[in-house]
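The structure under discussion is supplied below as structure tokens; questions concerning it will follow.
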Amino acid sequence: MTIKIELVGNKIHMDAPYALRNECKNVRGYFWLKQKKRWTYPLDFNTCKEIREMADRVRHELVIGPELWKWAAQEKKRLEKVPHVSSMELAELPRLEKENPFLWQALQNRPFQTVGAAFAAAHRQTVLADDPGLGKTPQSIAHIIEANVMGPVLVVAPKVAAELTWPVQMAQWAPGEAVFCLAGKTPAKRAEELKNFIAATERQTFGHFSKRQWLIINPYWVRAKAELDDKGNYKHDKKDRDKGIGISYTCPELFDIEWQAIIVDESHDVLIIPSMNRKKWTQDRIGMENLPQHSYEGLRMAMSGTPMRGKKEQFFGTLQWLKPKHYTSYWRWAERYFSISKEGYSMEVGALINPEAFYKDLSEVMIRRTKEEAAPDLPPKIYGGTRLDPNDPNSPVSIWLKMTPKQAKQYKEMEADGTATGDDGNQLMADGLLSEWTRRKQIASAYCKVVTKQRPMKDEFDQVILDDEGNKVMEDYNTLVPQGDSNKLNWIINFLEERGISAKPEGDGKVIIASQFAETCTFIEQELAKLKIPSYKLIGSTSSAKRVDMMRGFMEDSGPDCIRVFILSTKAGGVSLTLDVADDVIIHDETYIPDEQLQVEDRAHRVSRPDHQVSIWYLRSLDTIEEGIAATTHSRQMDMDLILDKSRGHEVRRLIKEYVPMSQRKESS
């Protein structure tokens, strides 16, 4: 029996016996044309290979039509010129060399960057997953030029990156490009910038673009709210959605433009989806799906050194955005690579059961290089501390601390009945399990007091609500604030003294301290100030200008009298920040997402300092929720290492150094 395939339009059409319907469904991106009784698939060389493997598996003859045969031969020839993802050799970028010799020359200093640009330009829908600090931004700019993209290019990046990093990088690497930015501007200037951008994108001769125009925004501006049915599908078809029917946009003008290329920086924050049920999607993600773009020629790039955000199954959201016609079913994709546990109507994704096949799938769209591969001379990070279980080689490593008596008493109170009581008798009742966990994390770091604060009320689009006079509408809320009795602060003070950072400073070592809580960052800053130890503090509310000034001061100032401690919140300080003069990174407390801590670690551990050793110190309290968080993040990190690195033959190195306090060292000597 035979299976026939042919190219019709821009799709692969297949005639196959009805008995093979289940096999046909295993080929990604299938669609059944009921009237023609024919299968269709997205036009893709790897889809052709999947169909060939399926035909061989069922022992049917595969008959390839002349048009598809011609296309496949040309595509194979084109792909043979694309460098392999593991190559570290210089790749050819002839168009970039001609149009932007300055950027071409810069990429040659790190040949792996030319490979990344060539790979992305050839494959057109890609994940650039290099480790932080390996120059993803210049690679992404280069791939747009090499692919000869003309017309509007959209860059969606975190607010700080959109406001600072991207404009600076564009000015540095592509000074002749037309760049517009909406981030960090007043409403009036933002409206004017958008108007100028739209005017610049008018089509040139014979309806074709002759120039590029870059628009840089933060994710807020792509937010969309859609009308969905009970199954989480759009109530209106694509034509209606293109007209704005059934969907509302934060910035409707962005959805009237046919984007020639879209780049998503730190894509793990924007593209993740837990299923194909859009009721579970964020408004950012719904907006990203609805951005108009040329269905075949348009480029899409997701940039992230931590693309799975702690959970391997979350990669589906990125893949589905890059190639929506290939990745149409979350559960069919999950069942292909992971163990699935079912209980009633509930399904859970378990362990990766076929890492080699999973990486082979990713290798079609993802290029990743670690710092160890790109800069083998760079010393690996050293993680200080001891294992929670000395007899378990997979047990998490950190500085394990006992809580102070006041902490322990307050912690047990919160653990027992979900209530924290301060010295003044004020109480805070945890509102639900997640709130209780958060409060326990806070108390595990320091004894806390209950305070009443105010915050702006926000609407469903996360916009601040204003009254009739234009003032922010405020609401009261109770929260916990560290009060001064802290096992972790005590350790930090002793550690800084060992590094010569005290009221009488000596040496020139510098330290980064990270916490997920802004209140904790402020607490550490204030307590160090009492000891006459100055510090920089960067949290979400820090202005962009002050952020730049602090980074410059920390990086450039030297000597014992300079500011040698940089305190940052995990989220605000995890991107667009280079602090590679720091010798030590202290993770005061951590989130459940290991990627977020890795981003902080890589503020100091960068290829720009190949002679620099960086030590990482995780502080965790014994007999608290932090033991469970450590086990969770450690397990997730091993999963990420397996999928992103070990499955492609790269062994991850992590050096462990046991820490002995100076007081104990003196006693032993």
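Is it the case that region 387-408 has a residue that's within 33 Å of the chain's Cα centre (by Cα) and of a type in the set (Ser, Thr, Tyr)?
Yes, because at least one residue in region 387-408 is within 33 Å of the chain's Cα centre (by Cα) and of a type in the set (Ser, Thr, Tyr).
Output the qualifying pairs, or none if there are none: Cβ atoms under 7 angstrom, residues six or more apart or on different chains, first residue in region 121-132 and touching a residue at least 60 places away in the same chain (Cβ under 8 Å), second residue among the hydroxyl-bearing types (Ser, Thr, Tyr) and assigned to a helix (DSSP H, G or I).
Pairs found: Val127/Thr318; Leu128/Ser140.
Right, here's the next one. For Gln410, indicate whether it is over 30 Å from His605 (Cα atoms), touching a helix residue (DSSP H, G or I) at 6+ places or on another chain (Cβ under 8 Å), of a type in the set (S, T, N, Q) and open to solvent by less than 70 Å² (accessible area, probe 1.4 Å).
On the way: over 30 Å from His605 (Cα atoms): yes; touching a helix residue (DSSP H, G or I) at 6+ places or on another chain (Cβ under 8 Å): yes; of a type in the set (S, T, N, Q): yes; open to solvent by less than 70 Å² (accessible area, probe 1.4 Å): yes.
It is true that Gln410 is over 30 Å from His605 (Cα atoms), touching a helix residue (DSSP H, G or I) at 6+ places or on another chain (Cβ under 8 Å), of a type in the set (S, T, N, Q) and open to solvent by less than 70 Å² (accessible area, probe 1.4 Å).
Shifting gears a bit: Filter region 445-503 down to the residues that are assigned to a loop (DSSP other than H, G, I, E, B) and of a type in the set (A, V, I, L, M, F, W, C), then identify the one that is farthest from the chain's Cα centre (by Cα).
Ranking the candidates gives Ala503 first.
Next up: Just one of (1) within 21 Å of the chain's Cα centre (by Cα); (2) in a loop (DSSP other than H, G, I, E, B) trips up Ala572, so point out which.
Unmet for Ala572, out of (1) within 21 Å of the chain's Cα centre (by Cα); (2) in a loop (DSSP other than H, G, I, E, B): (2).
Looking at Gly422, Gly350, which one is open to solvent by less than 40 Å² (accessible area, probe 1.4 Å) and touching a Ser or Thr at 6+ places or on another chain (Cβ under 8 Å)? Reasoning before the result, please.
Values: Gly422 fails: touching a Ser or Thr at 6+ places or on another chain (Cβ under 8 Å).
Going through Gly422, Gly350 in turn, just one is open to solvent by less than 40 Å² (accessible area, probe 1.4 Å) and touching a Ser or Thr at 6+ places or on another chain (Cβ under 8 Å): Gly350.
May I pose another question? Given the structure, is Thr318 within 22 Å of Tyr41 (Cβ to Cβ), surrounded by 18 or more Cβ atoms within 10 Å (Cβ to Cβ) and under 11 Å from the mean Cα position of the chain (by Cα)? Steps first, answer last, please.
Working: within 22 Å of Tyr41 (Cβ to Cβ): yes; surrounded by 18 or more Cβ atoms within 10 Å (Cβ to Cβ): yes; under 11 Å from the mean Cα position of the chain (by Cα): yes.
So Thr318 fits the description; yes.
For region 535-554, what are the residues that are in a strand (DSSP E or B) and among the charged types (D, E, K, R)? Walk me through it before giving the result.
Initially, region 535-554 is screened for residues in a strand (DSSP E or B), giving 536-538.
The one that is in a strand (DSSP E or B) and among the charged types (D, E, K, R): Lys537.
Can you work out which of the residues in region 291-300 that are open to solvent by less than 20 Å² (accessible area, probe 1.4 Å) and modelled with pLDDT of 90 or more is farthest from Leu43 (Cα to Cα)?
Among them, the one singled out is Leu291.
Select, from Val149, Val155, the only residue that is at pLDDT below 95 and hydrophobic (A, V, I, L, M, F, W, C). Break it down into steps so the answer makes sense when it comes.
On the way: Val155 fails: at pLDDT below 95.
Result: Val149 is the single residue among Val149, Val155 that is at pLDDT below 95 and hydrophobic (A, V, I, L, M, F, W, C).
A further question on this structure: Do the conditions hold for Val614, that is, is it in contact with a strand residue (DSSP E or B) (Cβ under 7 Å, 6 or more places away or on another chain), farther than 22 Å from Phe523 by Cα and open to solvent by less than 10 Å² (accessible area, probe 1.4 Å)?
Values: in contact with a strand residue (DSSP E or B) (Cβ under 7 Å, 6 or more places away or on another chain): yes; farther than 22 Å from Phe523 by Cα: yes; open to solvent by less than 10 Å² (accessible area, probe 1.4 Å): yes.
Considered against the rule, which asks whether it is in contact with a strand residue (DSSP E or B) (Cβ under 7 Å, 6 or more places away or on another chain), farther than 22 Å from Phe523 by Cα and open to solvent by less than 10 Å² (accessible area, probe 1.4 Å), Val614 comes out as yes.
Please state which of the following conditions Thr520 fails to meet, knowing it meets all the rest: (1) closer than 26 Å to Thr591 by Cβ; (2) open to solvent by less than 20 Å² (accessible area, probe 1.4 Å); (3) not in a helix (DSSP H, G or I); (4) not hydrophobic (A, V, I, L, M, F, W, C).
In the conditions (1) closer than 26 Å to Thr591 by Cβ; (2) open to solvent by less than 20 Å² (accessible area, probe 1.4 Å); (3) not in a helix (DSSP H, G or I); (4) not hydrophobic (A, V, I, L, M, F, W, C), Thr520 misses (3) alone.
Of the numbered conditions (1) among the β-branched types (Val, Ile, Thr); (2) farther than 30 Å from Arg336 by Cα; (3) touching a Ser or Thr at 6+ places or on another chain (Cβ under 6 Å), Val365 satisfies every one except a single condition; which is it?
Just one mismatch for Val365, condition (2).
The values are calculated or read from the model by the stated rules, or taken from the named source; none is laboratory data. On a predicted model such as this, the values are computed, not experimentally measured, just so you know. Methodologically, a virtual Cβ is constructed for each residue, glycine included, from the backbone with ideal geometry; neighbour enumeration extends over all protein chains shown. Remember, those area values only see protein heavy atoms, side chains included, never the ligands or the DNA or RNA. Shrake-Rupley method; radii C 1.70, N 1.55, O 1.52, S 1.80 Å.
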